[in-house]
Structure formats: structure tokens, C-alpha cells
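Enquirer: Got a structure for you, questions after.
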Amino acid sequence: ATIALEKKIIVSKLGDNTTLSCIYRGRELHLKNLRVYWQIADDQEECTVVHALISGQDNESEQCIHFKNRTQLFWDRLENGDFSLLLLNVSQSDEHTYKCVVLEKAEYTSMVHQAEVVLSLAASYSQPILSGPISNSDSTGEEVTFSCRSGNGYPEPNVYWINKTDNSHLPPSELMIIPNNNGTYSVFSTLKVKATSNMQIECSIENKILHENLSANYTQQKQSNGSSTESHKNLKKNGRGAQAAGIISVVILIGILAVVICWLRRRNSSKLVSYTVCG
Ligand SMILES: *[C@@H]1O[C@H](CO)[C@@H](O)[C@H](O)[C@H]1NC(C)=O
Ligand SMILES: *[C@@H]1O[C@H](CO)[C@@H](O)[C@H](O)[C@H]1NC(C)=O
Ligand SMILES: *[C@@H]1O[C@H](CO)[C@@H](O)[C@H](O)[C@H]1NC(C)=O
Ligand SMILES: *[C@@H]1O[C@H](CO)[C@@H](O)[C@H](O)[C@H]1NC(C)=O
């Protein structure tokens, strides 16, 4: 009899525990008569035994060192034909196709079930940080540089620069994907564009496996009417600045007035007033 091969793809985040599923829904099986092998299906691996259950017992004699103490069957579910394997603390080196094979020993040994699980690893990128030219400097027409960075993601990301005024994609000037020691990636990209009076730039970091897009936005302060939050902040700052400037000019004015009055008095009656306020 041929046995249909189930094939599943699962995505796990780095460091998580993940379950590789292998469920037989046929007749009742007796654990004592079974051999369950979880192995790596990719040919090029030297060691392929991930977990083995022989005559109702875990057998570690052939288990690869890489999986020692990291695998568990669900003992309460085995009798129900659930041979799923819990793999602890997954890392990039666990990215394989795994095969579960269930053999039954009666008069002769036969395979009763098999399943394949493709394990893909992923890690979310951090919220990107976008920096651009100082918002209220008037650099219209000049070339300005934006930079965007993010980290701790897996696998390698896609980076998009988007002009939000027309949603067009802009080609990055520079794109660096830097591998970290823990197997994740950091990304750094720059964009050079001619400045306009109303720049709205978005940097987006895509993790294809997780279907995740994280983005950061830059909004140029509008020259006349500010409507974005950023220009609002600037207006506030400008308001406080104007207040301070007003106070300072009043103080200076009083100073000048005092000097002028003193000078006038001195000129009129230099001897009399010289010992008072004017010194
Ligand atoms: C594991 O299996 C081997 C043969 O594959 C056998 O010699 C050994 O006794 C088994 N160990 C345990 C603990 O069952
Ligand atoms: C597995 O765990 C046992 C007991 O906790 C320990 O002695 C052994 O060193 C561990 N093996 C590995 C490869 O971590
Ligand atoms: C998980 O695995 C990584 C290596 O891949 C190791 O550095 C870390 O200590 C492990 N964490 C636990 C809780 O075992
Ligand atoms: C992420 O954003 C890019 C650019 O806008 C788009 O092409 C892609 O389809 C998005 N991916 C997801 C998963 O939303």
C-alpha cells in the first residue's frame, strides 16, 4: 500500500519552541510494536536522527548531538496516533525539512504513516528609525540624504523607499545587510533625493516570511500652513521663540533708554547727577 505523504510548512521565531506535527488517524496502534523516527529529510546532512521512539521508549543512541535535550514527544497523545515532536529553542541551524516515519512491527515490519514538515525560521525586524534633513531648513532643489536602519530580523529583509506624495518607489542609494553574531540581520539604507518643499518619505522594512512590513515616516514641514504633527511641534517651538525674543528686545530697549537718558543728563548737568544711577 502506498502512504500519502503530508507536507506542511511551519514558521517559527528564533528561540521559540515549535511543534512539528505528525498525526496518524487510522486504526489503533500499540506503542510497544512501534518505531517512530523523526529525521532530517535533506540528503546532505551527516547526522539525520532528530528523535527516535523504539518499543515505547525514547532511544537516544542515534540522536544527533545537535538535538540532544531539545526534543520531546507528547506522551499523553501517542496512544491517539499523535507523534508530533516538540523542538525547543529553535535556531537557524534547525532550518530543514523534517520527516516523521512510523513503523509497525507485527509478523514483519511495515510503514504505517509518514509526514514531512518544512521548518522556516523568522524573526521580526525592529521598528525602523528614519532620519532626514532638518525639517524647516529651506533646501529646495538641493540633494538631501535620508537614512533608515533596523535590526534583529531574519531572514534578510526587503527595503522600500516610498515617496508618500504619489506612492512611487524610490531606488535606494545604498543598502547594507549586515549579519549579526546571533544569526539575525541588521539593515542600513540611504536615499538621496532632490529636496522639495513638501517631502513625505517612508522607509519600509519587509519580512517576507512573516508577511510583516514595518515603516517609518518623514514629513517635511510645509512652508506656509503646517498640518502635520511635526510642523505643529515646530510652530509651538517658534511660538516660544518669539515670546523669548520679545522679552529680550524689551530688556535691551530699556537698557538703551537708560543709557541715553543718563548721557543726556550727564551732558546737561554732569556734576550733579554723576553720582546717581548712571554711575
Ligand atoms: C536504542 O536502540 C538500540 C538499537 O537501535 C538498542 O541497542 C538500545 O538498547 C536502545 N536503547 C534504549 C535505551 O532503548
Ligand atoms: C542533556 O541534559 C543532561 C541532563 O540534564 C546533561 O547531563 C547533558 O549534558 C545534556 N546534553 C547536552 C548535549 O546538552
Ligand atoms: C537557545 O539556543 C541558543 C543557541 O542557538 C543558546 O545560545 C541559548 O542559550 C539557548 N537558550 C536556552 C534557554 O536554552
Ligand atoms: C510591504 O510593502 C511593500 C511596499 O509597499 C509591498 O510591495 C509589499 O507587498 C508589502 N508586503 C506586505 C506583506 O504587506
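The values are calculated or read from the model by the stated rules, or taken from the named source; none is laboratory data. Source: prediction; values computed, not measured. When we count neighbours, we look across all protein chains shown, and the Cβ atoms used for this are built from the backbone with ideal geometry, even at glycine.
Enquirer: Which residues, counting only those in segment 61-120, are within 16 Å of ligand 3 (Cβ to nearest atom), aliphatic (A, V, I, L, M) and more than 14 Å from Asn17 (Cβ to Cβ)?
Expert: Of everything in segment 61-120, just one residue is within 16 Å of ligand 3 (Cβ to nearest atom), aliphatic (A, V, I, L, M) and more than 14 Å from Asn17 (Cβ to Cβ), namely Ile65.
Enquirer: Asn181 - would you say it is away from ligand 3 (no atom under 16 Å from the Cβ), without any contact (Cβ under 8 Å) to a residue 40 or more places away in the chain and outside any strand (DSSP E or B)? So that I can check it myself, show each step before the final result.
Expert: On the way: away from ligand 3 (no atom under 16 Å from the Cβ): no; without any contact (Cβ under 8 Å) to a residue 40 or more places away in the chain: yes; outside any strand (DSSP E or B): yes.
The answer is no for Asn181.
Enquirer: Let me spell it out: the conditions are (1) touching a residue at least 40 places away in the same chain (Cβ under 8 Å); (2) within 15 Å of ligand 1 (Cβ to nearest atom); (3) under 32 Å from the mean Cα position of the chain (by Cα), and Ser91 meets all of them except one. Which number is the exception?
Expert: (2)
Enquirer: Can you confirm whether segment 220-229 contains a residue that is modelled with pLDDT under 95, out of contact with any helix residue (DSSP H, G or I) (no Cβ under 9 Å at 6 or more places or on another chain) and surrounded by 14 or more Cβ atoms within 10 Å (Cβ to Cβ)? Explain how you work it out, then say what you get.
Expert: From segment 220-229, those modelled with pLDDT under 95 are 220-229; that's our starting set.
In the following step, the residues that additionally are out of contact with any helix residue (DSSP H, G or I) (no Cβ under 9 Å at 6 or more places or on another chain) were identified as 223-224, 227-229.
Applying the additional criterion that residues be surrounded by 14 or more Cβ atoms within 10 Å (Cβ to Cβ) yields 228.
Yes, segment 220-229 contains a residue that is modelled with pLDDT under 95, out of contact with any helix residue (DSSP H, G or I) (no Cβ under 9 Å at 6 or more places or on another chain) and surrounded by 14 or more Cβ atoms within 10 Å (Cβ to Cβ).
Enquirer: Among (1) within 16 Å of ligand 3 (Cβ to nearest atom); (2) in contact (Cβ under 8 Å) with a residue 60 or more places away in the chain; (3) of a type outside the set (Phe, Trp, Tyr), which single condition is Ala41 missing?
Expert: (1)
Enquirer: Now, a different point. Find the residue count for segment 138-156, including only residues that are outside any loop (DSSP other than H, G, I, E, B) and either within 15 Å of ligand 4 (Cβ to nearest atom) or surrounded by fewer than 12 Cβ atoms within 10 Å (Cβ to Cβ) (or both).
Expert: Of the residues in that region, 4 qualify.
Enquirer: Could you grab me the full set of residues in segment 38-90 that are touching a Lys or Arg at 6+ places or on another chain (Cβ under 8 Å) and outside any loop (DSSP other than H, G, I, E, B)?
Expert: Trp38, Gln39, Ile40, Ala52, Leu53, Ile54, Leu87
Okay, residues lined up against (1) part of a strand (DSSP E or B); (2) modelled with pLDDT under 95; (3) surrounded by 15 or more Cβ atoms within 10 Å (Cβ to Cβ):
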| residue | (1), (2), (3) |
| --- | --- |
| Cys100 | yes, no, yes |
| Glu104 | yes, yes, yes |
| Val112 | yes, yes, yes |
| Ala122 | yes, yes, yes |
| Asn136 | no, yes, yes |
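Enquirer: Just need a number here: residues in segment 12-68 that are loosely packed, with under 14 Cβ neighbours inside 10 Å and among the β-branched types (Val, Ile, Thr).
Expert: Matching residues across segment 12-68 total 1.
Enquirer: Asn217 - would you say it is within 19 Å of the chain's Cα centre (by Cα), surrounded by fewer than 17 Cβ atoms within 10 Å (Cβ to Cβ) and in a loop (DSSP other than H, G, I, E, B)? If you could, list the steps in order and put the result at the bottom.
Expert: Values: within 19 Å of the chain's Cα centre (by Cα): yes; surrounded by fewer than 17 Cβ atoms within 10 Å (Cβ to Cβ): yes; in a loop (DSSP other than H, G, I, E, B): no.
So Asn217 does not fit the description; no.
Enquirer: Evaluate the following for Val159: is it touching a Pro at 6+ places or on another chain (Cβ under 9 Å) and either among the hydroxyl-bearing types (Ser, Thr, Tyr) or in a strand (DSSP E or B) (or both)?
Expert: Numbers: touching a Pro at 6+ places or on another chain (Cβ under 9 Å): yes; either among the hydroxyl-bearing types (Ser, Thr, Tyr) or in a strand (DSSP E or B) (or both): yes.
Judged against the criteria, Val159 is a match.
Enquirer: For Ala41, all conditions in the list (1) of a type outside the set (D, E, K, R); (2) at pLDDT 95 or above; (3) away from ligand 2 (no atom under 16 Å from the Cβ) hold save one; what is the number of the exception?
Expert: Here Ala41 meets the rest and fails (2).
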